[in-house]
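What follows is calculated from the coordinates using simple rules that are stated; it is not laboratory data. Computed from a prediction, not measured in an experiment: that's the story for all the values here. Note: ideal-geometry Cβ built from the backbone for every residue, glycine included; neighbour counts use all protein chains shown.
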Amino acid sequence: MKSKEFNIKLNGLSNEELNEMLTNTQSELTKLKMNHKTAELENPLEIRSVRRNVSRINTEIKKRELQQSTN
């Protein structure tokens, strides 16, 4: 999924859904890292995209927190 599409998807989610998505994505990243250490992954670049998705989710959560604190 492209980054712009992913960001648009994040904008439509509630805070609870974002937190749930964050935990799911972090667990997926952990599994990918573990599999990469023990065996060869089919596509090792997937780790990079999942890691960036975690960062995008964290950025959206932080942005919302800052918006709430300024209001």
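The charge dipole of the chain, taken about its Cα centre with unit charges on the Cβ atoms of Lys, Arg (+1), Asp and Glu (-1) only, comes to about 320 debye. How charged is the neighbourhood of E28? Take every other residue with its Cβ under 11 Å from the Cβ of E28, and add Lys/Arg as +1 and Asp/Glu as -1. Spelling it out: positives minus negatives among the neighbours equals +2. Summing charges over all other residues whose Cβ lies under 11 Å from the Cβ of N15, with Lys and Arg as +1 and Asp and Glu as -1, gives -4.
FRET efficiency for the N71 to I8 pair, using the beta carbon distance and R₀ = 22 Å, is estimated at 0.45. Compared with the alpha-carbon gap, the fully stretched path from K62 to H36 is longer by 6.4 nm at 0.36 nm per residue. Can you tell which of N43, N35, N58 shows the greatest fluctuation in a Gaussian network model of the chain with Cα springs below 10 Å? Residue with maximal mean-square fluctuation among N43, N35, N58: N43. Convex hull volume per residue, computed on the Cα atoms of the chain, equals 82 Å³.
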